[in-house]
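This report refers to the structure that appears directly beneath it.
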Amino acid sequence: MGQGLFVAIEGIDGAGTSTQAELLANELRREGRPVHLTREPSDGPIGSMIRQVLRGRLVAAGSSGRPLGWETMALLFAADRMDHLKSEIEPNLGDGIDVVTDRYYHSSIVYQAETSGEPATWSWIRTLNQRARAPNLTVILDVQEKVAQKRRAARRSAVEIFEEPELQARMAAFYRRLPELLAGEPFAVVDGNRGIDAVHELIVGAVQSARLRQGT
Ligand code: TYD
C-alpha cells in the first residue's frame with residue numbers, strides 16, 4: 001500500500017482554512033479515499049495549551065500578565081507540530097490514509113515572523129521546523145484583509161491575539177511570497193475572496209494535479 005496524500009490548507013484568519021479543509025476531506029471521502037482531517041494547533045497536549053494562550057486564558061503566575069514572546073510561541077508551535085506528526089500525521093500517511101491539515105509550518109513562518117517585528121526571522125523559524133516533512137501540496141487561500149475581516153466579524157468564536165487588521169494585512173502579503181521563499185515546495189495559491197463553492201472547486205483541481213504528480 002502506498003502512502004496517503006498530505007495536504008495543508010493555509011491563510012490568514014478568516015481566509016476560510018477550516019471550512020475548506022473540511023470540504024476537501026469530505027470530497028476525498030466521497031471519492032472513496034480514507035481521510036484524516038486534522039488541524040494545528042493540534043488537539044494534543046501542547047496544541048491544547050497553545051489554544052489557551054491564543055485566547056488569552058493562560059497566563060502563568062509570576063509573569064505579571066506579560067504575553068509569551070514570539071520566540072517562545074515559535075518553539076511551542078514547533079514542539080506541537082513534531083508531536084502532531086509523530087502521533088497523527090505520519091501513522092495515517094503510512095497506513096495509506098490521506099491527511100488534510102488546517103494549518104502547518106507555513107503558519108509559523110508567517111505569523112511568528114510577522115509578530116517578531118523582523119520578518120527576516122522567518123529563516124530561523126524554517127530551521128526550527130526542518131524535521132517536519134513538507135506536504136505533497138500546500139494550498140494558500142489568498143484573501144484581501146477586508147474580506148477576511150468581515151468573515152472574522154461574522155463568526156462567534158473568541159477573538160484571538162493575532163486578529164489585528166494591520167498585522168493580518170502584512171501576513172496576507174507574506175503568504176503571497178511563500179512560494180518564492182520556499183522554492184521547490186509544491187504550492188497552489190487560490191483566490192480565497194471568492195465564494196465557498198468556487199474556492200472549493202479550485203482546491204479540488206489543485207489536489208487532483210498533486211495526486212497525478214504523486215501517482216496516488
Ligand atoms: P485558528 O486556526 O483560527 O483556529 P480556531 O479557528 O480554532 O481559533 O487559530 C490558530 C491561530 O494560531 C491562528 O491565528 C494562526 C495561529 N498560528 C500561529 O501563529 N502559528 C502556527 O504555527 C499555527 C499552526 C497557528
Inset, instruction - Starting with the highest mean, order 150-158, 115-123, 76-84, 2-10 by the number of other Cβ atoms within 10 Å, averaged over the residues of each peptide. - result: 2-10, 76-84, 115-123, 150-158
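Could you work out the helix-only [θ] at 222 nm for the chain, with each DSSP H run of four or more residues adding -39,500 (n - 2.57) and the total divided by the number of residues, to the nearest 500 deg cm²/dmol?
Values: 8 runs with 97 residues, N = 216.
Helix contribution divided over all residues of the chain: -14000 deg cm²/dmol.
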Inset, instruction - Would you mind working out the magnitude of the charge dipole of the stretch 6-214 relative to its Cα centre, with +1 at each Lys and Arg C-beta and -1 at each Asp and Glu C-beta, to the nearest 20 Debye? - result: 220
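List the trypsin sites (Lys or Arg not before Pro) within the stretch 2-61 that fall in a DSSP loop (any state other than H, G, I, E or B) and whose Cβ has at most 14 other Cβ atoms within 10 Å. Numbers along the way, then the final one.
Working: sites: Arg29, Arg30, Arg39, Arg51, Arg55, Arg57; in loops: Arg55, Arg57.
In loop regions of the stretch 2-61 (DSSP not H, G, I, E or B), the sparsely surrounded trypsin sites (Lys or Arg not before Pro) are Arg55, Arg57.
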Inset, instruction - Determine ³J(HN,Hα), in whole Hz, for all residues of the stretch 177-192 in sequence, where each value follows from phi through the Karplus function 6.51 cos²θ - 1.76 cosθ + 1.60 and θ = phi - 60°; x replaces Gly and Pro. - result: 8, 4, x, 7, 5, 9, 4, x, 7, x, 10, 10, 9, 10, 6, x
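What do you get for GluC sites (Glu not before Pro) in the stretch 13-112 restricted to DSSP loop and a cutoff of at most 14 other Cβ within 10 Å of the site's Cβ?
When the GluC sites (Glu not before Pro) of the stretch 13-112 are filtered for loop state and at most 14 Cβ neighbours within 10 Å, Glu31 remain.
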Inset, instruction - Please list, in chain and number order, the residues 5+ apart from Arg39 or on another chain whose amide H is under 5 Å from its amide H, with Hs placed from the backbone. - result: Asp102
Legend entry - Spread of Cα-to-Cα distances over 10 Å intervals beginning at zero, given as percent, for the chain: 8, 34, 39, 16, 2, 0
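Bear in mind that the values in this text are calculations on the coordinates, not laboratory data. If you're wondering where the values come from, they're calculated on a predicted model, not measured in any experiment. As a convention, Cβ positions derive from the backbone with ideal geometry for all residues, glycine included, and neighbour counts pool all protein chains shown.
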